[in-house]
Amino acid sequence: MGAEFNKSSLSRAASFLNSAVGFLVFSFLDVLDAILCVVYKLVDSAMETDSRPCYCAPEEVTISGDFLVSATKGRTVVPVAAKLRMGDVSDTLYYRPSQVAEFTKKAAIAVGYKTSRSIRFTVSSDVIGALKEKTSRGRRPLWSDCDCKKCNSPESHLYVHVEGPKDTSTTTTDVIFIHGFISSSAFWTETVFPEFSDATKSNHRMFAVDLLGFGRSPKPADSLYTLREQVDMIEKSILKRHNVRSFHIVAHSMGCIIALALAVEHPEAVKSLALIAPPYFPVPEGEKAAQFVMRQVAPKKVWPPIMFGASMSCWYEHVSRTICLLICRNHRLWEFLFRLITRNRIRTYMMDAFMCHTHRAAWHSLHNVICGSAEAMERYMDTVNRRSCCDVAVFHGDDDDVLPVDCSYAVGSRIPRARVKVFQRKDHITIVVGHHKALAGELEQIWRNAGSPTSK
């Protein structure tokens, strides 16, 4: 009894310490992000002839139906030519309450001062700037982004690694692999691809895609990296370009959201869904979906370290840009140093995947795909649940510190026929990396059984 009490007390003390240190650290980051905002505006103006718009200063918008029509910036009304649905842009981009602001508000309420909690729906000038840049900027990289050929693909299609039989006149099975946040097609090609049997390789065409903004795919400076854009680009780069009529999907983390959206867009074409560590958080009634998911994905904690990294990436636009400036823009230097230190004895595909993206791609994907799709996820799963021809398997590691295993159980509750399997002592990455042989076997079994009566 005494041991349990001591353990409980220690746990409460650790939680209090984490919260106290977190308040100090994130209060500092609030101030630092505001300072960096000014610094980047000055540097961008000098390097780009004009400062980059950011999400620190929201703008009023005019909405016609579901579409953004115009936006007011100062006294100028900027017409919007592209049909950008308001649902494509997450409200977490332009409303992220700071630690200092929230503390001030609570203190004001405590002493009886009335504060208004109503927030007018606005869209940041970044949306306006992105749409204006579509006609002016082209594909020229920003000064703070890497300018190498790998990071600046001139293609209008996504990079797709294709393996399988060259003769497509014979009967083949197509499989699309979609990676997660800050990753690339190498996440699949360097792990599960070599583990597939010769029989699978001989009659399966396997497509591992680099999502828009990641790996070797284009990283347009005018994109908002919405879920709609990602789905459209996969359709254009794989389904249409390679004449794919029916297919299986294997997806990891953020890729699971895109996989579900594809399954809804092509209900008769998808044979099976293999979702690995899906980021699904059931939203409580009365909560704002995107804001709730942002707090789950990035809960502003300094421990464990991976949560601290997620919090900096999600809450602080300019701090995260600085991190990308130091790491991603200089990825060739870091890769060289790593190979030099390890004497080129360790493969660097994970390092390449982690560094080959732009801040704009990572920032907008995190908010517009992961957070902004919170409401859509439930609609997607309800649609998939009504389809009897699509097999669904869900895999998760019980040591996942990024997305709790409850996410996969929640998917299983939403899609009762889904098979949920939890692997012991596997985390968000090792559920695939280091576990690829077993995972390859699981996937081959899914493809063999897809559509058979025993799989229902």
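The values are calculated or read from the model by the stated rules, or taken from the named source; none is laboratory data. The shown structure was predicted, so the numbers you read here are calculated from the model rather than taken from an experiment. Reconstructed Cβ throughout: ideal geometry from the backbone, glycine too, with neighbour counts over all protein chains shown. Areas reflect the complete protein model, heavy atoms only, side chains present, ligands, DNA and RNA absent. Shrake-Rupley method; radii C 1.70, N 1.55, O 1.52, S 1.80 Å.
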Hits in region 411-440 - residues which are farther than 17 Å from residue 279 by Cβ, open to solvent by 30 Å² or more (accessible area, probe 1.4 Å) and without any contact (Cβ under 8 Å) to a residue 40 or more places away in the chain
416, 417, 419, 421, 424, 425, 430, 434, 438
The lone exception for residue 381 - which of (1) closer than 25 Å to residue 306 by Cα; (2) buried (at least 17 other Cβ atoms within 10 Å of the Cβ) it fails:
(1)
Is there a residue being hydrophobic (A, V, I, L, M, F, W, C), part of a strand (DSSP E or B) and either crowded, with 24+ Cβ neighbours inside 10 Å or touching a His at 6+ places or on another chain (Cβ under 9 Å) (or both) anywhere in region 223-244?
no
Near pairs, Cβ below 9 angstrom, 6+ apart or cross-chain, from region 367-381 (touching a residue at least 12 places away in the same chain (Cβ under 8 Å)) to any residue that is surrounded by fewer than 24 Cβ atoms within 10 Å (Cβ to Cβ) and of a type in the set (S, T, N, Q):
368/226; 369/226; 371/291; 372/226; 374/291
Could you check region 288-319 and list, in sequence order, the residues that are among the polar types (S, T, N, Q) and open to solvent by 10 Å² or more (accessible area, probe 1.4 Å)?
291, 296, 313
For region 397-410, what are the residues that are in contact with a strand residue (DSSP E or B) (Cβ under 8 Å, 6 or more places away or on another chain) and open to solvent by 20 Å² or more (accessible area, probe 1.4 Å)?
398, 405, 409
Where residues in region 353-377 are open to solvent by less than 10 Å² (accessible area, probe 1.4 Å) and touching an Asp or Glu at 6+ places or on another chain (Cβ under 8 Å), which of them is nearest to residue 181 (Cα to Cα)?
363
Pair list, Cβ under 7 Å, 6 or more apart: region 267-279 residue touching a residue at least 60 places away in the same chain (Cβ under 8 Å) and open to solvent by less than 10 Å² (accessible area, probe 1.4 Å), other residue in a loop (DSSP other than H, G, I, E, B) and among the acidic types (Asp, Glu)
277/400
Taking first residues from region 190-219 that are more than 17 Å from residue 247 (Cβ to Cβ) and second residues anywhere that are crowded, with 20+ Cβ neighbours inside 10 Å and basic (Lys, Arg), the pairs with Cβ under 9 Å that are 6 or more apart or on different chains are 210/216; 212/219; 213/219; 213/360; 219/360
Limited to region 183-209, what total is found for residues that are outside any helix (DSSP H, G or I), out of contact with any helix residue (DSSP H, G or I) (no Cβ under 6 Å at 6 or more places or on another chain), over 22 Å from residue 449 (Cβ atoms) and open to solvent by 20 Å² or more (accessible area, probe 1.4 Å)?
0
What's the number of the condition residue 430 fails, among (1) of a type in the set (S, T, N, Q); (2) within 22 Å of the chain's Cα centre (by Cα); (3) closer than 30 Å to residue 88 by Cβ?
(3)
I need every pair where a residue in region 319-332 that is without any contact (Cβ under 8 Å) to a residue 40 or more places away in the chain has its Cβ under 7 Å from the Cβ of a residue that is among the aromatic types (Phe, Trp, Tyr), sequence separation at least 6 or different chains.
327/334
Can residue 394 be described as among the β-branched types (Val, Ile, Thr), surrounded by 15 or more Cβ atoms within 10 Å (Cβ to Cβ) and outside any helix (DSSP H, G or I)?
yes
Which condition number in (1) part of a helix (DSSP H, G or I); (2) surrounded by fewer than 20 Cβ atoms within 10 Å (Cβ to Cβ) is the one that residue 344 fails?
(1)
